[in-house]
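The values are calculated or read from the model by the stated rules, or taken from the named source; none is laboratory data. Quantities reported herein were computed from a predicted structural model and do not represent experimental measurements. Methodologically, a virtual Cβ is constructed for each residue, glycine included, from the backbone with ideal geometry; neighbour enumeration extends over all protein chains shown.
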Amino acid sequence: MTTDESAWISKLHRADGYATGPYVLSELRRVIVSGQVKPGASLPLDAIGDFFQVSRIPVREALKTLIGEGLVRHQPRGGYTVTVLSGPELHELYLVRGALEAAAIEAATAAAGPDDDRRAGEVHAELLEAIAVDDVPRYQNLSRAFHETLLAPCAMPRLLHMLSLVADLTEPSQAMSLLDAPQRAELQTDHTRMLEAFLARDGAGLSAAARAHHGRLTAYIDESRNGHGDISAD
């Protein structure tokens, strides 16, 4: 096992007792989606099995599921690796995220209540704290949480599930780390406008702010990668 493999495997959590197949799957998904395993990183069957004290079978089944979700790729002689997205692929996925959000955002605004307002305000405050200290990984995670909080009241579970799957595909690339601090500050200004519209129950205003936000984000990502190139651990 290489040093890099040892480093990310140490991020996994051992089960309390026997590690079931679903547990192995959830842990692998967690470290990939959170960016703790970089795109392109090797996923060695034996080392993962040794960590969880299980055979290759549940590890292989977990990796097959992650292949189906688009998070892992397999080469017959190259083993399993975390999916590496090209610049255009990441751009496309963010466009899909924006379209799915747009489909739910006005319904979510109309259905929101005081508890939703409180949660949105709390996540927004945490975003401000993260950007103040330039904690990019935390800002990345909180940005997704903020968007999910605004959409939660929409009562469209299937749409939210699809959005979660697409978001899982983009998260390993840690897009916020591709941007500079002023660009992240601009995105945070967008978040503030979105929160203000949400609290005012201004669905049209929130839709407009969200469109501007997604347009800005995809433009920044394209600029950082010049519209091409792999989003990997380089």
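Observations, loosely collected:
- For the stretch 155-172, the candidate set comprises residues that are out of contact with any Gly (no Cβ under 6 Å at 6 or more places or on another chain) and touching a residue at least 60 places away in the same chain (Cβ under 8 Å); within that set, the residue that is nearest to SER34 (Cα to Cα) is GLU171.
- Options ASP190, ASP115: the member that is surrounded by fewer than 14 Cβ atoms within 10 Å (Cβ to Cβ), in the same structural domain as ALA210 (by TED's automatic domain parsing) and out of contact with any Gly (no Cβ under 8 Å at 6 or more places or on another chain): ASP115
Each row is one residue, and each column tells you yes or no for (1) at positive phi; (2) under 21 Å from the mean Cα position of the chain (by Cα).
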| residue | (1), (2) |
| --- | --- |
| LYS64 | no, yes |
| GLY70 | yes, yes |
| GLN75 | no, no |
| PRO88 | no, yes |
| THR109 | no, no |
| ALA125 | no, yes |
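- Exactly one residue among ILE9, ILE48 is of a type in the set (Val, Ile, Thr) and buried (at least 20 other Cβ atoms within 10 Å of the Cβ), and that residue is ILE48.
- Looking across GLU148, GLU223, GLU129, one residue alone is free of Cβ contacts under 8 Å to residues at least 24 places away in the same chain, within 21 Å of ARG29 (Cα to Cα) and either part of a helix (DSSP H, G or I) or hydroxyl-bearing (Ser, Thr, Tyr) (or both). It is GLU148.
- Which numbered condition LEU71 misses (of (1) buried (at least 20 other Cβ atoms within 10 Å of the Cβ); (2) of a type outside the set (Val, Ile, Thr); (3) free of Cβ contacts under 8 Å to residues at least 60 places away in the same chain): (3)
For every residue, the table says whether it meets (1) among the β-branched types (Val, Ile, Thr); (2) at pLDDT 95 or above; (3) assigned to a loop (DSSP other than H, G, I, E, B); (4) out of contact with any strand residue (DSSP E or B) (no Cβ under 9 Å at 6 or more places or on another chain).
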{"position": "MET176", "(1), (2), (3), (4)": "no, no, no, yes"}
{"position": "GLN188", "(1), (2), (3), (4)": "no, yes, no, yes"}
{"position": "HIS191", "(1), (2), (3), (4)": "no, yes, no, yes"}
{"position": "GLU196", "(1), (2), (3), (4)": "no, yes, no, yes"}
{"position": "ARG201", "(1), (2), (3), (4)": "no, yes, yes, yes"}
{"position": "LEU206", "(1), (2), (3), (4)": "no, yes, no, yes"}
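- Members of the stretch 193-220 found to be without any contact (Cβ under 8 Å) to a residue 60 or more places away in the chain, over 26 Å from PRO137 (Cβ atoms) and surrounded by 14 or more Cβ atoms within 10 Å (Cβ to Cβ), listed by number: GLU196, GLY205, ALA208
- Within the stretch 102-126, being touching a Lys or Arg at 6+ places or on another chain (Cβ under 9 Å) and charged (D, E, K, R) holds for one residue alone: GLU126.
- In the stretch 154-189, residue farthest from the chain's Cα centre (by Cα) [restricted to those that are of a type in the set (Ser, Thr, Tyr) and more than 18 Å from ALA108 (Cα to Cα)]: THR189
- Residues being part of a helix (DSSP H, G or I), surrounded by fewer than 16 Cβ atoms within 10 Å (Cβ to Cβ) and either among the polar types (S, T, N, Q) or out of contact with any helix residue (DSSP H, G or I) (no Cβ under 8 Å at 6 or more places or on another chain) (or both) - total across the stretch 132-142: 1
- With respect to the conditions (1) in contact (Cβ under 8 Å) with a residue 40 or more places away in the chain; (2) surrounded by fewer than 18 Cβ atoms within 10 Å (Cβ to Cβ), ALA120 lacks only one, and its number is (2).
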